[in-house]
1. With r defined as the distance between the Cβ atoms of residue A:147 and residue B:72 and R0 fixed at 35 Å, what FRET efficiency is calculated, to the nearest 0.05?
2. In terms of Cα to Cα distance under 16 Å, which lysines are near enough to residue B:23, apart from those fewer than 8 places away along the same chain?
3. Rg/Rh for the stretch A:2-87: what does it come to with C-alpha atoms and Rh from Kirkwood?
4. Please check which bits of the stretch B:22-41 a label hung off residue A:180 would reach, taking the label as a point 7 Å along Cα-to-C-beta and the cut-off as backbone N under 19 Å.
5. Starting from the Kirkwood radius over alpha-carbon pairs of the stretch A:114-153, derive D by Stokes-Einstein at 4 °C in a medium of 1.567 mPa s and give it in µm² s⁻¹.
6. Could you tell me which of the pairs A:77/A:135; A:135/B:72; A:27/A:176 are separated by over 22 angstrom between their Cα atoms in the structure shown?
7. Let me make sure I get this right: for the stretch B:3-52, a, b and c are the square roots of the gyration tensor eigenvalues over alpha carbons, sorted descending. Under 1.5 in a/c it's rounded, otherwise prolate if a/b > b/c, else oblate. Which is it?
Amino acid sequence: MDEILIHKIKAGDLDSFEKLVSRYQRKIFSFVYRMLVSEEDARDITQEIFIQVFRSLETFRGDAKFSTWIYRVASNKCLDFLHKNKKFRFYEPAAGWETGEQPAGSPVKTDPESIYLREEKVRRVRRIIAGLPDKYRVALVLFHYEDLTYHQIAETLDIPVKTVATRLYRAKLILKERLRGETDGLP
Amino acid sequence: MDCRDIKKKIPEYLSGSLSGAEKVAFEAHLNLCPSCRREAESFRELDPVIDAADLEIPFADLTADIMNAVRKEARKEAMPTGPVQDTRNSRTTGISRTRGNSRGRIISLMQDLSAAAAAAIILFWFSGTVLAGTQVPEYSRGVARVTGSVGTVVQTYIDLSASTVNRLSDSVKSIELQMKGDEEL
């Protein structure tokens, strides 16, 4: 499907590009939002990503799948944005950040204390994830929330599979230790 | 694999990404090492915690906004080269056009250099003859052709120049004869 659309786009068909955008915009926006944790920035960067894709589609040879390629463009844009805006980053933004929604299917205790503790833990985890080094966080987001495999992440980030494994290990190690540290620090 | 290697591979193992042989070695180590087993267990507990911390993604249909921006981009690129399908190639086209221009300039420069070289050869080859007031030998034209060997442009230069030199040489000879006659008179 993507290959056919890309072929038509290369022949100058903008309607096919529109189809490609509607196929991927939600997925890319979600990824960017998870990386930037700001709806406004995520909208702007998602738009930039698709413009970049439009400009660079000529260079897409089909060696990788289009989905991998667009994630690569998106990852680079996000990392670039985060790098440029490092000074201004803080981690208390966005709708959904503080609410601690529970994923569907998990057993939910509804007493106020359980709800509070659950939400508190989710908030802590989100804060720690947001504070991870960007290269660890992008691997974690791609693996846990975008459901990419180690191989797909390696292709997306253009790094060896071994490096993906190391980054995920370190991300989780930091998360585990910080969670333990915060718990130990609690009265 | 020692404990350090094993611990690094825990997330890979838990995600089912380890290959057959690695998985066997990993599990064999875990059976013998309580420390790595505890570590693996703590990582296993972490995964649902991470999953639960996923953000609620706000609804956003950006297709219209993106397409507006892309159409603007397409128009901007289309301006120098015409239709949309050409525009995405515009950079490439631009480059090849520039390359074409450079190639043209290089050819033109080469022609000028050849002409200059031919002129230099003619001056070097025939100046003695002109000054001596003798006829240019026929073979020298052939030699000049071979020496030049830079294509028809040079050949034409040489032929034209050789005939001019011959005419000049004739004139000089006739002037000399006239002067000799005048002296005899």
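1. Using R0 = 35 Å, I get an efficiency of 0.55.
2. Hits, sequence-local ones excluded: A:162, B:7, B:8, B:9.
3. So for the stretch A:2-87, dividing Rg by the Kirkwood Rh gives 0.99.
4. Answer for the stretch B:22-41: B:30, B:33-41.
5. 116 µm²/s
6. Over 22 Å Cα-Cα: A:135/B:72; A:27/A:176.
7. oblate
Computed from the coordinates by the stated procedures, all read-outs in this text should not be read as laboratory data. Bear in mind that the values here come from a model prediction, so they are computed numbers and not experimental data. Here the Cβ is made from the backbone with ideal geometry for all residues, glycine too, and neighbour counts use every protein chain on show.
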